[in-house]
Amino acid sequence: WQTENGVLLPSLQSALPFLDLHGTPRLEFHQSVFDELREKLLERVSAIALEGKVEERYKKLEDLLEKSFSLVKMPSIQPVVMCVMKHLPKVPEKKLKLVMADKDLYKACAVEVKRQIWQDNQALFGDEVSPLLKQYILEKENILFSNDISVLHNFFSPSPKTRRQGEVVQKLTQMIGKNVKLYDMVLQFLRTLFLRTRNVHYCTLRAELLMSLHDLEISEICTVDPCHKFTWCLDACIREKFVDNKRARELQGFLDGVKKGQEQVLGDLSMILCDPFAINTLALSTIRHLQDLVGQDTLPRESPDLLLLLRMLSLGQGAWDMIDSQVFKEPKMEAELITKFLPMLMSFVVDDYTFNVDQKLPSEEKGPVPYPSTIPEAFIKFLQENRIACEIGLYYILHITKQRNKNAFLRLLPALVETFSDLAFSDIFLHLLTGNLTLLGDEFALEEFCTSLFDGFFLTACSRKENVHRHVLRLLLHLHHKVAPAKLESLQKTLEPTKQSGEAVKELYNQLTEKLELRKPSPAEVTETPSMELPLPTVPTPASR
């Protein structure tokens with residue numbers, strides 16, 4: 001039996017007794033021969049997939065699959081069967097169904113085979129993608145709530161290319177490969193989730209996924225996605241955090257080029273523009289343009305570049321409504337935004353310039369000129385009723401905070417208590433604001449500043465919005481040593497979590513309490529301090545002797 005079923009090599013028969021002398025079992029020898037042969041077979045399968053005419057090579061692989069598939073459940077042969085399937089562009093339907101029905105086989109097969117299964121099984125593909133999407137959103141939220149508060153390293157610091165190297169984007173890119181059908185499915189999932197949750201991070205993923213496929217030069221998908229060139233151009237602007245004139249004209253060309261009957265592409269473009277990284281770039285560019293216009297004595301309506309930025313902001317901010325209503329046309333921009341609101345923002349810039357010049361002039365009898373403290377009613381109304389005005393207004397407030405302009409900040413802060421859709425209490429704005437406030441750290445020692453910031457703004461929403469509670473605790477964890485002790489004590493009482501508070505709030509509050517405990521002088525120190533103040537013994541001076 002051994003002779004009939006062994007390796008039929010005449011020269012081997014005389015060599016085998018040597019193995020017996022060394023105490024090597026025949027099983028070990030046959031196993032190593034088997035492993036060698038399997039490796040050679042795997043190499044050969046990969047070679048067949050690349051040589052000869054297309055029909056011939058795939059015919060060979062199909063024949064091989066037919067012969068070997070019955071052994072697919074044998075662990076030793078399974079890798080060969082899986083390798084054959086991996087190299088077949090179209091595995092027979094029957095085989096795919098058998099693989100899909102067996103959990104272990106499905107788990108073991110290559111992503112190339114899974115793609116063929118997924119493209120006709122949206123639910124199964126959804127089950128694979130869903131945990132990745134949840135992970136992605138969680139990662140974004142963790143960055144926004146990170147305990148490291150810094151003006152230099154914030155949510156928007158990583159470059160687009162760095163972000164695309166993230167685990168989720170890379171996994172999704174691999175799962176999609178060159179399969180347009182799977183790409184469309186992922187986009188459909190993202191649209192549905194965006195509609196269901198209004199979470200703008202899905203818009204970021206939409207853009208990152210397309211650009212990740214662009215980096216790999218997967219033309220099969222990039223050429224059929226009508227947003228590809230627009231996203232590519234916008235990606236370059238996001239990298240620079242500014243929309244320059246040349247790129248502005250390119251972007252405008254794409255928007256103007258949307259033909260009749262193709263308006264649906266506006267839904268996708270609006271989602272690309274709704275990405276917080278895009279909104280951040282457009283808003284920062286708008287603030288820069290407004291400052292330039294002040295220097296040029298030009299009104300906003302006379303700047304085509306500024307009008308284009310507003311058009312894109314408007315399209316991005318209207319993404320949810322457009323996808324929800326399925327009415328694909330650009331939102332109408334209110335004339336008052338351009339004729340009243342933006343000139344009002346420019347007047348704030350002028351107020352700052354005037355005040356700074358006044359401070360430098362020699363003071364006369366009339367005394368120092370006070371900083372303007374009132375806000376026009378119209379400004380507050382715009383922030384409450386107009387989404388674009390609110391977004392630009394918030395970015396202007398971030399801008400003056402970053403410039404350490406305490407006067408302007410305290411002047412405009414009351415306008416943030418009630419804003420459109422509570423945008424002033426959104427995570428992205430509070431994340432950026434807390435980072436910029438670290439630059440005003442020394443002001444936290446002043447009662448007036450703390451009362452305006454905490455009582456007048458943060459605490460108005462703390463009880464109804466848990467995210468605000470978290471951001472205030474983050475800020476205090478970072479700046480508690482700068483805050484006046486009495487104020488800090490009252491804040492600590494006010495911010496104490498309730499029974500309904502989430503774990504994150506309780507955890508942050510405990511961290512803050514621990515830090516404050518460490519700062520308190522220990523009882524031993526307290527009792528010792530008076531001994532330092534004992535009257536010194538009088539030493540007679542030479543004159544009194």
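The values are calculated or read from the model by the stated rules, or taken from the named source; none is laboratory data. This is a predicted model, so every value here is computed, not measured. FYI the Cβ positions are ideal-geometry reconstructions off the backbone, even for glycines, and counts take in every protein chain you see. To get the accessible areas, we keep the full protein, side chains included, count just its heavy atoms, and leave off ligands, DNA and RNA. Shrake-Rupley method; radii C 1.70, N 1.55, O 1.52, S 1.80 Å.
Pulled fully out, how much extra length does the chain show between L42 and L71, if you take 0.36 nm times their separation in residues and subtract their Cα-Cα distance? Numbers along the way, then the final one.
Working: separation 29, 0.36 × 29 = 10.44 nm, distance 1.54 nm.
Between L42 and L71, full extension yields 8.9 nm more.
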State the extension gain, in nm to one decimal, for the chain segment bounded by N356 and R26, taking 0.36 nm per residue of separation less the distance between their alpha-carbons.
109.5 nm
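Excluding F409 itself, what net charge comes from residues whose Cβ is under 15 Å from its Cβ, given Lys and Arg +1 and Asp and Glu -1? Numbers along the way, then the final one.
Values: positive: K402, R404, K406, R411; negative: D351, D352, D442, E443, E448.
For residues surrounding F409, the net value is -1.
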Straight-line reach only, C-alpha to C-alpha below 22 angstrom: list the lysines that K406 could link to, leaving out same-chain residues fewer than 8 apart.
K360, K482, K487
In angstroms, what radius of gyration and Dmax does region 361-491 have, counting Cα atoms only?
15.5, 51
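Could you order the peptides 180-191, 235-246 from most to least packed, using the average number of other C-beta atoms within 10 Å per residue? Walk me through the intermediate numbers first.
Numbers: 180-191: 17.8, 235-246: 16.1.
Put in order of decreasing packing, that is 180-191, 235-246.
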Just to make sure I understand: if all protein chains stay in place, what is the order of T192, T494 by accessible area at 1.4 Å, largest first?
T494, T192
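Hey, can you find the accessible area per residue of region 10-120 for me, probe 1.4 Å, expressed in square angstrom?
Accessible surface, normalised per residue, equals 65 Å².
Once neighbouring chains are kept in place and the probe is 1.4 Å, which whole percent of the accessible area of the chain is contributed by carbon and sulfur? Mind showing how you got there, number by number?
Numbers: 16580 of 29790 Å².
Accessible surface attributable to carbon and sulfur in the chain totals 56 percent.
Treat region 434-514 as a sphere of radius equal to its Kirkwood radius over Cα pairs and apply Stokes-Einstein at 4 °C in a medium of 1.567 mPa s; give the translational diffusion coefficient in µm²/s, rounded to a whole number.
The Stokes-Einstein estimate is 102 µm²/s.
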The chain: Cys lacking any partner C-beta under 4.7 angstrom:
C83, C109, C222, C227, C233, C237, C390, C450, C462
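Quote the relative contact order of region 361-484 in percent (integer), defining contacts as alpha-carbon pairs under 8 Å separated by 6+ residues.
Numbers: 104 pairs, mean separation 29.6, N = 124.
24 percent.
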For T162 and S11, compute 0.36 nm times the residue count separating them, minus their Cα-Cα distance, and round to one decimal in nm.
48.4 nm
Please list, or write none, the lysines whose alpha carbon is within less than 27 Å of the alpha carbon of K103, excluding same-chain residues fewer than 8 places away.
K67, K73, K86, K90, K94, K95, K114, K134, K171, K178, K181
K59 accessible area, 1.4 Å probe, all protein chains in place, Å² to nearest 10
110
Please report the base-10 log of the normalised intensity I(q)/I(0) for region 10-120, using a Debye sum with one equal scatterer per alpha carbon and no solvent, at each q in 0.11 (1/Å).
-0.46
Starting from the Cα of K259, draw a straight line to each of the lysines and keep only those under 21 Å, dropping any in the same chain fewer than 8 residues away.
K229, K329, K332
